[in-house]
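Okay, structure first, notes after.
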Amino acid sequence: MILYEKFTLSNGLSVIVHEDKSTPMAVIDVIYDVGARDENPGKTGFAHLFEHLMFGGSINIPDYDEPLQMAGGENNAFTTNDLTNYYCQLPAENIETAFWLESDRMLSLAFSEKSLDVQRKVVCEEFKEHYINKPYGDASSKMRELAYTTHPYRWMTIGKELKHVEDVVLQDVKNFFAKHYTPANAVLVVAGNITVEQVKRLAEKWFGPIPAGEKYDRNVQVEPTQTAPRLLEVNAKVPLNALYKTWHIYPRLDKRYYVCDLMTEILGGSGSSRLFQALVKEKKLFSNIECSHYGSTDAGLLSIEGKLVEGVDMKLADAAVLEEIQRLLDGGITDDELQKVKNKTESMLAFEDMSVMSRATSLAMYELLGDANLMNTELERYQAVTAEELIAEGRIVFDDNNSNTIYYFAEN
Amino acid sequence: MLNRTKAPHIKDAIEFDLHLKPYDKFVLDNGVEVFAINAGAQEVLQIELVFFAGNSYETQHTVAAATNHLLKNGTSTKSAFQINEHFDYYGAYCTRACYNETATVSLHTLSKHLPVLLPVMKEIITDAVFSEEELATFKQNSKQKLSVNLKKCDFVANRLIDAYLYGEQHPYGKYTKAEDYDVLNTDALKKHFQQYYVQGYCVIFVAGKLPDDIEHQINKNFGTLTLKNHTGLNTGNEKSFNEVPEPVTGSKKRIVNDETGLQGAIRITRPFPNRHHPDFQKVMVLNTVFGGFFGSRLMANIREEKGYTYGIHSYVQNHLGPTAWMISTEAGKDVCEAAIQEIYKEMKVLREELIDEEELLLVRNYLIGIILGDLDGPFHIIGRWKSILLNNLDEQYFYDSIQTIKNISAEELRELAVKYLQPEAFQELVVI
């Protein structure tokens, strides 16, 4: 049970405090309700580029990192298709430094041409390093474009193409800031060796005077139900053939999300999971195979991907995956198998909660989803899933008409 | 009116009194030592068995890694699937890893499940069978994985630079080729297993919220085995690498691994003594200024000023024996040479100019803050102890490093830069 207290400032900023006296450290986590799904299709990758610019100086402080490091702190940030998260950790005595830095960049950035110019290049190198200059690096982008026709999940967080990042101008940055980086669109979590009273005082002092701004009203286009299977064939200079398959699942807060999450564990989460045992160990069709899902806020995808053993026919490998799924749907799931994936979820959550940083980020993410207390009820939702639900949901999700497949062929 | 241009008062992190929580130690019936940290709020623990079974001890390429990997793939009474199923059922993670000197088997679990998991851990380190079929699958899948990795410039650069530094015959310099997998056989694995696990030198680290009977549980499972106390292993080699090694000078290699590659993996390196050398801890501070954190000179110049790369880092390799100081980055193909020139330029500045007091204070505070955060929680604390003990050091080393961070002067740092950051002592490699 993670204890916390919540209050809201008059400008709309939600603040959550989680005390932990066992650590000498304090953590500040600020999450903004903006991700790649809020981008214009012609200007993708912007939310993530913007995250980089948040370190390029704010209205009153020329550099974010230096004062934090001087206070013995470290920090980082990440952007997803749904949200942007900034976090820092420092000795608890110096917590006010983090309030000062985070509130100033929520108030306003410096909007420097130089910072934009450099970070465009940095992000382009990041793009190349992770998605272009790497075998199979473009597979996830191709899968998004195949599976989503309408919803902005059809592009990656880093962007659809390098050009979108290269073309960003300073006015775009200013507009984006005004629209999304307001107190009403943010959650502030403070955790560690601090008190609620202290955080109330510091939050009022530093974040209280920031103008409320407007609450951004998200209007994301809903992905229409897929009605026929989709297949894409790719030829690339890679050493091995690879198979990628996805199926549409449910939004993060849907009860069925938990069913699908456990489904991925049963199929591909570990050394005793079904796909690994059947297709890597017994039939030896794949050298590795993984099953996961996107974990996104809006309806995501359940994904199975693997590299084929040299000489194995692609269609045969694909059919073997489907056969394992069918075996699950026909044969059902034993009590032990269900208990196994629930136990694994329980221990995963316990390990996650070990670090105060991870607890702070979880609280922020759950609050953004609607209620920080979801963090404490999560395990119950997994425990409530039944074998019958898994099979019933499996039949719906693994319908052929809901499937997207990429045959990724090695050229010669 | 709030003055936002003025930073709040801070307590300099160097004023903090850092304390490394002492371990509890107990000795099993067979003499194997166990180091324990009992702390934490969550009902979880980790136990790690460290064997001196790493690739320094193998007589044939990749035997140590293959043996370590296949420990979990079948015993005389359980299949690989049954072993995995057992750990998975209790939501536990049994992992293994193979390094240069050591090879480990670790368990992460909710504390309550320990009694049903330790016996299976014992089984895999005493009764692994290394079947032909499991080895064949391992060989095939490892080769496939290697073929993908060989397309990546960073992977290729990491292999080559170690080979240049230590020579391909040295445990730190050798690397695995596809042919090495082809000639692996179960006899070699079984032999390695017998000698270095079953009859091997072992030390155990355990941390987390420990049950009251932890000593009894560990002794019952591991205290009766034919394992030996690790201090009986006369490695003694740690201290023999505390001389500054002769650099191999003037080597500048450019390799094209992928004609269509967009980035080059840059590695610039020089040999360096290990933790027993009196300069080691001081150089850790100099390295932080140079390329050891986000605010370093290399990051500020090559990423934040020029935008040549997503990230650039310098570090001293984590070796018990001889080691090396390394600068590592992936940069745009067109700017690799420019980036290299900037790296040398930053070395020159460190040799010629004193680091100003504000930057030095920032680095001191940053490092102390990081250590403070890193001593948070039982897993981190045991990790620090493990590093100290395996390097044949003691807690004084930890307190000395704190003193070095707090007190080292700009003059000393410049002297170290003059001594070590000489371009002619470095080798260069770029793999596109």
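Any number yet on Rg/Rh for segment A:230-410, C-alpha, Kirkwood?
0.99
Just the Cα atoms of chain A, one point each, no solvent: what log10 I(q)/I(0) does Debye give at q = 0.09 Å⁻¹?
Per q value, in the given order, log10 I(q)/I(0) is -0.62.
Which is farthest toward the positive dipole end of chain A among A:THR297, A:ALA186, A:PRO239, measuring Cα position about the Cα centre, with Cβ charges +1 (Lys, Arg) and -1 (Asp, Glu)?
Selected residue: A:PRO239.
Using only Cα atoms, what Kirkwood radius does segment B:268-368 have, in angstroms?
14.2 Å
Give me the dipole magnitude in Debye, nearest 20, for segment A:74-178 about the Cα centre, with unit charges on the beta carbon: positive for Lys and Arg, negative for Asp and Glu.
500 debye
Once amide H atoms are built 1.01 Å from N in the peptide plane, which residues 5 or more positions from B:PHE272, or in another chain, come under 5 Å H to H?
Sorted by chain and number, the residues that satisfy this are B:THR323, B:ALA324, B:TRP325.
Could you give the dipole magnitude of the protein assembly as shown about its Cα centre, charging the beta-carbon of Lys and Arg +1 and that of Asp and Glu -1, in debye to the nearest 20?
Result for the protein assembly as shown is approximately 980 debye, rounded to the nearest 20.
I need the chymotrypsin sites (Phe, Trp or Tyr not before Pro) found in segment A:100-134, filtered to DSSP loop residues with at most 15 other beta carbons within 10 Å of theirs.
Listed in order of number, the matching sites amount to none.
Among B:THR269, B:THR404, B:THR104, which one shows the biggest mean-square fluctuation in a GNM of chain B, springs joining Cα atoms closer than 10 Å?
It is B:THR404.
Which of the residue pairs A:LYS344/B:LYS78; A:LYS163/A:LYS237; A:LYS134/A:LYS342; A:LYS134/B:LYS78; B:LYS25/B:LYS72; B:LYS25/B:LYS122 have a Cα-Cα distance greater than 32 Å in the structure shown?
Values: A:LYS344/B:LYS78 21 Å; A:LYS163/A:LYS237 23 Å; A:LYS134/A:LYS342 35 Å; A:LYS134/B:LYS78 39 Å; B:LYS25/B:LYS72 28 Å; B:LYS25/B:LYS122 20 Å.
From the list (A:LYS344/B:LYS78; A:LYS163/A:LYS237; A:LYS134/A:LYS342; A:LYS134/B:LYS78; B:LYS25/B:LYS72; B:LYS25/B:LYS122), the Cα-Cα distance tops 32 Å for A:LYS134/A:LYS342; A:LYS134/B:LYS78.
How far apart, in nanometres, would the label points at B:LYS252 and A:MET1 be if each is projected 7 angstrom from Cα along the Cα-to-Cβ direction?
6.7 nm
Trypsin sites (Lys or Arg not before Pro) within segment A:216-256: which are DSSP loop residues with at most 14 other Cβ atoms inside 10 Å?
Sites meeting the loop and neighbour criteria: A:ARG218, A:LYS237.
Tell me which GluC sites (Glu not before Pro) from segment B:311-411 have a DSSP coil assignment and no more than 12 other beta carbons within 10 Å of their own.
Of the GluC sites (Glu not before Pro), the ones in loops of segment B:311-411 whose Cβ has at most 12 other Cβ atoms within 10 Å are B:GLU353.
Given R₀ = 22 Å, what would the calculated FRET efficiency be for B:VAL349 paired with B:ASN407, taking r from the Cβ atoms and rounding to 0.05?
Plugging the Cβ-Cβ distance into 1/(1 + (r/R0)^6) gives 0.45.
As an exercise, use a Förster radius of 30 Å and the Cβ-Cβ distance of B:LEU233 and B:ASP24 to find the FRET efficiency, rounded to the nearest 0.05.
That gives a FRET efficiency of 0.85.
Post the alpha-carbon centroid distance, segment A:206-261 to segment B:75-118, in whole angstrom.
With segment A:206-261 and segment B:75-118 each reduced to a Cα centre, they are spaced 34 Å.
List, in order, the whole-Hz ³J(HN,Hα) value for each residue of segment A:239-255 obtained from phi through the Karplus relation with A = 6.51, B = -1.76, C = 1.60 and θ = phi - 60°; use x for Gly and Pro.
Residue by residue, segment A:239-255 yields x, 9, 5, 9, 10, 10, 9, 9, 9, 5, 10, 10, x, 4, 8, 6, 4 Hz.
5 Å is the cut-off here: which amide hydrogens, built 1.01 Å from N in the peptide plane, fall below it relative to A:GLY300, excluding neighbours closer than 5 in sequence?
A:ILE249, A:TYR250
Only Cα pairs under 8 Å and at least 6 apart count here; give the relative contact order of chain B as a rounded whole percent.
Once divided by the residue count of chain B, the mean separation gives 21 percent.
Using a Gaussian network model of chain B with C-alpha springs under 10 Å, which one of B:ILE370, B:ILE402, B:ILE343 is most mobile by mean-square fluctuation?
Of B:ILE370, B:ILE402, B:ILE343, the Gaussian network model singles out B:ILE370 as fluctuating most.
Nearest 5 is fine: what % of DSSP beta bridges in chain A come out antiparallel, could you say?
Expressed as a percentage, antiparallel bridges in chain A total about 80.
Debye sum, Cα scatterers, segment B:241-431, no solvent: what log₁₀ I/I(0) at q = 0.09, 0.14, 0.16 1/Å?
-0.35, -0.84, -1.08
If you take the charge dipole of segment A:291-412 about its Cα centre, with +1 on Lys and Arg Cβ and -1 on Asp and Glu Cβ, which of A:LEU369, A:THR334, A:GLN383 is farthest toward its positive end?
Farthest towards the positive end: A:LEU369.
Specify the residue with the greatest mean-square fluctuation among A:LEU322, A:LEU68, A:LEU308, computed from a Gaussian network of chain A linking alpha-carbon atoms under 10 Å apart.
Among A:LEU322, A:LEU68, A:LEU308, the largest mean-square fluctuation in the Gaussian network model of chain A belongs to A:LEU322.
First measure r as the distance between the Cβ atoms of A:ASN373 and B:LYS11, then evaluate 1/(1 + (r/R0)^6) with R0 = 22 Å and state the FRET efficiency to the nearest 0.05. Present the calculation step by step, with values, prior to reporting the outcome.
Details: r = 34 Å, r/R0 = 1.55.
After rounding to 0.05, the efficiency reads 0.05.
Run through every distinct alpha carbon pair of the protein assembly as shown and return the Kirkwood hydrodynamic radius in angstroms, one decimal place.
28.9 Å
Could you work out how much longer the chain between A:ARG218 and A:LYS163 gets when fully extended? Use 0.36 nm per residue separation minus the Cα distance between them, nm to one decimal.
Additional length available on full extension: 17.2 nm.
Out of A:HIS52, A:SER14, A:TYR64, whose Cα points farthest toward the positive end of the dipole of segment A:1-97 (charges: +1 Lys, Arg; -1 Asp, Glu; placed on Cβ)?
My answer, from the dipole projection, is A:SER14.
Computed from the coordinates by the stated procedures, all read-outs in this text should not be read as laboratory data. Keep in mind the model is a prediction, meaning the values are calculated, not measured. Cβ atoms come from the backbone with ideal geometry, glycine included; neighbour counts cover every protein chain shown.
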